[in-house]
Amino acid sequence: MTLSARFRFWLLCIGVFVLVSGLVRLGLAGWIATEGHSAGGLAGAVAVGILHDLCMGFALGLPFLIGLYLLGFVWRRAVGRWLAHLLLIAFCGVLVFSSVAEFFFWNEFSSRFNGIAVNYLIFPREVIGNIGESFNLPLYLPMVAVVALGLYWLLRRRYVAALAFRPSRKEILWVLLGSPVFALVVALALYGSPIAPSRDREINEVAQNGMFSMVRAFLTNDAQYDGLYAGMPEAEALPLLRSIVAQDNTTFLTPDTTRSLMRHVDNGQTPKKLNIVLVINESYGSTYIDSLDNRRGESISPNIDRIAKDGLLFTNVYATGDRTVRGLEALLTSFAPIPGISTARRNGSEGMNSVPFLLHGFGYRSAFLYAGDALFDNMGHFWSSIGFDNVWDQGDFTETGFSTAWGYADEYLYKEATKRLDQMTEGGRPAFLAMLTVSNHRPYTYPQGRIDKNPKQKRKTNAATYADWAFGNFIDNARGKPWFDDTVFVFIGDHGPKINGAAHVPVDGFRVPLLFYSPKHIQPARNPTLGSSLDMAPTLLGLLGISFDSPFFGIDLRRVPPGGGRITMAHNFSVAFGTRNQLVVLEPNNSLKGYSFEPGPKPPVWEKEPDPDVARLGVAETQTAHHMFYSREYHDLSQP
């Protein structure tokens, strides 16, 4: 059977897509081959990747095939031909641009396009501005344009022939009738092909097709749990979950059979209702702390370490995710991570139990201050809906200065915070001010002359050093304020910097500093207890001696027995749960991966079998959290 000019051209386009996608994969494989990954595993990833590319090529190309045949009367007109050629140029441009973008995305996240890429498409203003400030677009974009036009020119002659070809009615009928069947086969192949040929996360990412990864992330961000992840009977899960959060000063307020963690936490009868200033520092992992994980040969955090000498520093705390909204979820609602996106981005987060709502019952006024645009990532709506009295962003700043696409430099955030605290503390009511910084984020630039590192270099460590300087300057300036002595400052990273590594959840990249600083009220110490960022709130309330009722998933880290503690975190569609020695990763298709784990900068080590006790705890927590969120059983205190 002789294939028509149109069908041959369509197959040629599929071949070009597979070729370009294969070159991207080979480039990424070569990139990580130098990092000690298995050569055999990478070869397998490249082989599996061909299947992914073929399937995605056919999926993307099917509408193009139908258009070629159904709209032949359009393509034969002069205007139609111009439109057809513009479409082909656009397709070539998207293919080349997305292929180049994959390398930049990998450099930042060690991953194919995922949910982060989806969110970036939703908020183009910040992202386009950030890209323009971070990369030399006048250099890269012309190169992309030249390659895309060159690709178009190579396809042009056969494209002209395909447009001019007049297929028979029989051929058109075959295309129309065969397309639905072909689409079903492609869909089954896409979702049935192996997506994890290796136990090495980065090798599995190499095997993926970037466009399919992004489509999958878009369609499954609100992933279901039951039937997709490992589960257990609820009668077994609830007591296990309660055992995770029970401490020597807690009393559960609901029956054991109730899907609830509501409990009374007895921190005594003499509370210190100090002002609370929560600094959530963008991407500030323990890797930037000189006294923790910084091994770069240059000082990054002299001010934080200076302040920490007079504060309580927790040295083994881990973020619950690698996105800011995941950090906000943990720090402000003390809710356990569930697969997919943070609850801060999901419908139904309104009215979750939260720190501001709880503090409101103790007479606190509360506000959130953000150096950027609160519309980004649904953050402003989330803050307003969980109990903050006020939400202020860059549009509310009374003094402006250096800024990037993400917002004002940290020093201007702290100046604004100082003014707001002057106002919030008037009248004797305690104040809770939470704030989120932006400077320690690409494009990694900041005002000149603040530190002895050049902002024009746009280095991560330079931006982290500036963030450290700005925080130290904020504390030093606050010392002269009347509210300083009766204020507790909390400093924590929302998540660590770039997450990479072979483990399905590279735990070592999630470690963040947690510092409580109030010289008049908190004794200096370094506490090595293993904990999670969702433990911040219960630990803070314990330090203040505030007794409270709550269903928080977090615990008071000061009351954890020696050798105890746990961590929990989400990375894309995986959720990890670990103790001081063992880590279990829950993945789709009811898969459980086991690792040995030691707190600190070392990556976890794969084990053949997951620890059964840790696995049961991880399943109990994640399953119950998912059920509680979607049945609105974590929203008790917000009910009228």
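The table below gives the values:
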item: Under the Karplus curve 6.51 cos²θ - 1.76 cosθ + 1.60, θ = phi - 60°, whole-Hz ³J(HN,Hα) for the stretch 143-158, x wherever Gly or Pro sits; result: 5, 4, 4, 5, 5, 5, 5, x, 5, 4, 5, 5, 8, 4, 4, 5
item: Amide H contacts of HIS495 (H built 1.01 Å from N, under 5 Å, at least 5 apart or other chain); result: SER283, TYR284
item: FRET E, pair LEU375, LEU12, Förster distance 30 Å, beta-carbon r, rounded to 0.05; result: 0.10
item: Only Lys, Arg (+1) and Asp, Glu (-1) charged, at Cβ; the stretch 397-551 dipole about Cα centre in debye; result: 600 debye
item: Entries of LYS309/LYS458; LYS453/LYS602; LYS419/LYS453; LYS273/LYS481; LYS415/LYS456; LYS273/LYS520 with Cα pairs more than 21 Å apart; result: LYS309/LYS458; LYS453/LYS602; LYS419/LYS453; LYS415/LYS456
item: Burial ranking of peptide ranges 400-407, 291-298 (average Cβ count within 10 Å, highest at the top); result: 400-407, 291-298
item: Shape call, the chain: gyration tensor on alpha carbons, a/c limit 1.5; result: prolate
item: Exposure proxy order (Cβ contacts within 10 Å, fewest to most) of GLU35, GLU607; result: GLU35, GLU607
item: DSSP bridge pairs, the chain: antiparallel proportion in percent, nearest 5; result: 55 percent
item: Residues CYS55, CYS13, sorted so that the one with the fewest Cβ neighbours within 10 Å comes first; result: CYS55, CYS13
item: Relative exposure of ASP549, ASP393, judged by other C-beta atoms within 10 Å (fewest first); result: ASP549, ASP393
item: C-alpha long axis of helix 78-109 to longest principal axis of the chain, angle in °; result: 40 degrees
item: Contour excess over end-to-end distance, with Cα ends at TRP82 and ASP266 and 0.36 nm allotted per residue; result: 58.8 nm
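No lab work stands behind these numbers, since they all come straight from the coordinates. Everything numeric in this text was worked out from a predicted model, so none of it was measured. Positions of Cβ are backbone-derived with ideal geometry, glycine not excepted, and every protein chain shown enters the neighbour counts.
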